[in-house]
């Protein structure tokens, strides 16, 4: 199962991505978490490690991610989207890691129509294909209030508002892209997490 979780800031996409990852027992790839770890200089999370991985390979990858974090920090602090080229490179590195076999949940990417196309190109090269893009539809006011209720350092009112504006300006075309390719599932995200997950599994035809 290969899934992309789409939604604006505060839509609950991180929560549902984590739940689906646990439900299907597949890796969760979160660009937000990877970037935050890279920016803070924190040590790699255990889930990124694989016993059969050559340590030298892991170190070279993390050095690359740390460098990426350094260059993307100004964009994140302002609530701007990280440049496409940097995110495309990040996802390409992550999908080639040994702990990623053929199944995964991707959260935080793609965020532009260009990135959606680039993801398809990347998956073609990896001989994989996206199963579904799941869009959590939430009213703008709910996205703002949920985001402001969190304790993340970059969830300041002006930054949150900027993220919401960017979502409607640049992310909505992704829905049209996946809809044309008949891979879009739209879910009412303004419900309890349990109900949202139930509705997702129902549309995925999972018993």
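Counting neighbouring beta carbons within 10 Å and listing from fewest to most, the residues 15, 171 come out as 15, 171.
Sorted fewest first by neighbouring Cβ atoms within 10 angstrom, 14, 9 come out as 14, 9.
Potential lengthening of the chain between residue 186 and residue 78 amounts to 36.0 nm, from the contour at 0.36 nm per residue minus the alpha-carbon distance.
Ordered by the number of other Cβ atoms lying within 10 Å of each residue's own Cβ, fewest first, 178, 168 fall into the sequence 168, 178.
Any read-out appearing in this document is the output of simple, stated calculations on the displayed coordinates, not a laboratory observation. Since we're looking at a predicted model, the values are computed, not measured. Here the Cβ is made from the backbone with ideal geometry for all residues, glycine too, and neighbour counts use every protein chain on show.
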